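The values are calculated or read from the model by the stated rules, or taken from the named source; none is laboratory data. Owing to the predicted nature of the structure, the values given are computational and were not obtained by experimental measurement. A quick note on method: Cβ atoms are made from the backbone with ideal geometry, for glycine too, and the neighbour counts reach across all protein chains shown. For accessibility, only protein heavy atoms count, side chains too; no ligands or nucleic acids. Shrake-Rupley method; radii C 1.70, N 1.55, O 1.52, S 1.80 Å.
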Amino acid sequence: MFNNRIRTAALAGAIAISTAASGVAIPAFAQETNPTFNITNGFNDADGSTAQPVESVNHTEAELLAATDVTAAYLNDFQDGDVRAIVAELIATSENGFDPSEEAAYQTFEAARQIATQQLAASAETITKTRESVKYALEVDQAATEAFEAYRSALNGAASAINPLIAAANTANRTDKSEVELYDALYAYDLNVTAPELKPAYDELLALQKEVNEDVEWVGEWAIDHGYDDYVTRDHAKAVQALKAAIDAQVEAVKPVRDDAIAKNLLAQKCDVLVRQLFLERATAQRDTLRVVEAIFATAARYVELYESDENVNVEGDTLRNHYVALLPTLFGAAFFNIDILDDADEAAELYYLEWDTDLGTNDEDAAYAEEKRQFALLTYAKVFINGIWQEEVKYVKNLDDGARAEAARVEAERLADEAYRAEQLRIAQEAADAQKAIADALAKEAENGNNNGGDNSSDDKETGSSDIGSWGPFAAIAAIIAAIAAIFPFLSGIVKF
């Protein structure tokens, strides 16, 4: 339906591939900047990269227009290439005049990145809502089609049951051995064409019922037999009554099927699955553009953050800062590519929301929807690989940055561990010194006590076998010194550790 979108994607993809560098692929930059996102197997809820099961919910085309218009308002300056407006938005929150410092620039870009991340999360929700809407419209379309087929089948069944009885009633209506056709066979036109209107056939059935009901009353008149050419035979009365019974039964069977078909088709008439599908394509194009916008602001913020940072180390022959700024040409090219597709999606959704010139003569839109979905799938899968180019480059630099941070963290951890080790050894040495001083003080005090005793502690009054505790004091002190030295020695080497 929109073949130019495939051609545009292929051309832009070829251009992007010819200028791109390789790296490690990521689904979107958003998962690198906000750790609260639910990331499953490398896919991210907030950027719309996770598979989302959806229920059938009737979000109207007007609701989808309003939801995608919110995102469109944010992206409008990017689509128009209005750099002045974008910069004006960036500095609009300044309370004290424009601050030309690099730190203020970092804060501005980081704030812009956060807004883009919020817009991306909202866009992912819009995609889910739009898919719910498409599913609802497709289901009611299919239900209406099935109800229509059941209604047509019931009418055909009525004709199959009634037409033989019409022939029998016509045959039984004989007076002068000539057959007079009282009733025409159902129907006046073929119901088995692609998309017939069934109301005329149903009206024909009701008209036949009315006619036969009136004939039954006429046949039942007592004075009906007026002459040789004007009377009712016994076979005729039986045939007309049998025909009435059959018609009544078929009308009773057809009516609820008809009512169901009308109700379901009225529901289907209130929504257009093809228009809703176009809003899904618009929302998806907005998401893909927002991914690039977010990556641009995140890259710019990190580039400015590294201005005089100790983290701006050399990696693979260049500073981290230069690695980041080198991403911008590829990111701007990716933005142009995705905006080009978004422009087409905007035009299609807005135009056909107001006037759907391919609206079919029937609500059986399965074939048209299947073709549109096929083209959308082709474009979607192509964009996965084309957008993977810039995502790989961003991830490559992000990996370099993460590696540099990890190395800096490792070095700092080793430094802190070494400081802690030295502090612990100094503490142990201080405790040992304090113990030595305590021992020395004890020895000095013991020596002082010995001098005060006059040097001769013997006494004739002591019993044999008794001992003087004071005479063992020096030996106990020496034993304590030896034990202290034995305890201190293993830690001496730690005191001089470098």
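Of all residues in region 150-174, count the ones that are at pLDDT below 95 and more than 17 Å from A245 (Cα to Cα).
3
Which numbered condition trips up T319, out of (1) open to solvent by less than 40 Å² (accessible area, probe 1.4 Å); (2) free of Cβ contacts under 8 Å to residues at least 60 places away in the same chain; (3) of a type outside the set (A, V, I, L, M); (4) closer than 26 Å to F148 by Cα?
It is condition (4) that T319 fails.
Out of region 115-137, which residues are under 18 Å from A51 (Cα atoms) and over 13 Å from the mean Cα position of the chain (by Cα)? Let's see the steps before the verdict.
Let us first name the residues in region 115-137 that are under 18 Å from A51 (Cα atoms), namely 120-135.
Residues satisfying the conditions are S133, V134, K135.
Can we say E95 is of a type outside the set (V, I, T) and closer than 21 Å to Q277 by Cα?
no
Among the residues of region 88-108 satisfying the criterion of being over 27 Å from E125 (Cα atoms) and within 30 Å of the chain's Cα centre (by Cα), which is least open to solvent (accessible area, probe 1.4 Å)?
Among those that are over 27 Å from E125 (Cα atoms) and within 30 Å of the chain's Cα centre (by Cα), it is Y106.
Tell me, yes or no, whether region 213-220 has at least one residue that is on the phi < 0 side of the Ramachandran plot, in contact with a helix residue (DSSP H, G or I) (Cβ under 8 Å, 6 or more places away or on another chain), among the charged types (D, E, K, R) and at pLDDT 95 or above.
Scanning region 213-220, I find no residue that is on the phi < 0 side of the Ramachandran plot, in contact with a helix residue (DSSP H, G or I) (Cβ under 8 Å, 6 or more places away or on another chain), among the charged types (D, E, K, R) and at pLDDT 95 or above, so the answer is no.
Of these, A382, A409, which one is of a type in the set (G, A, S), at pLDDT 90 or above and open to solvent by 20 Å² or more (accessible area, probe 1.4 Å)?
A382
Take region 266-303 and flag every residue that is surrounded by fewer than 20 Cβ atoms within 10 Å (Cβ to Cβ) and assigned to a helix (DSSP H, G or I).
L266, L267, Q269
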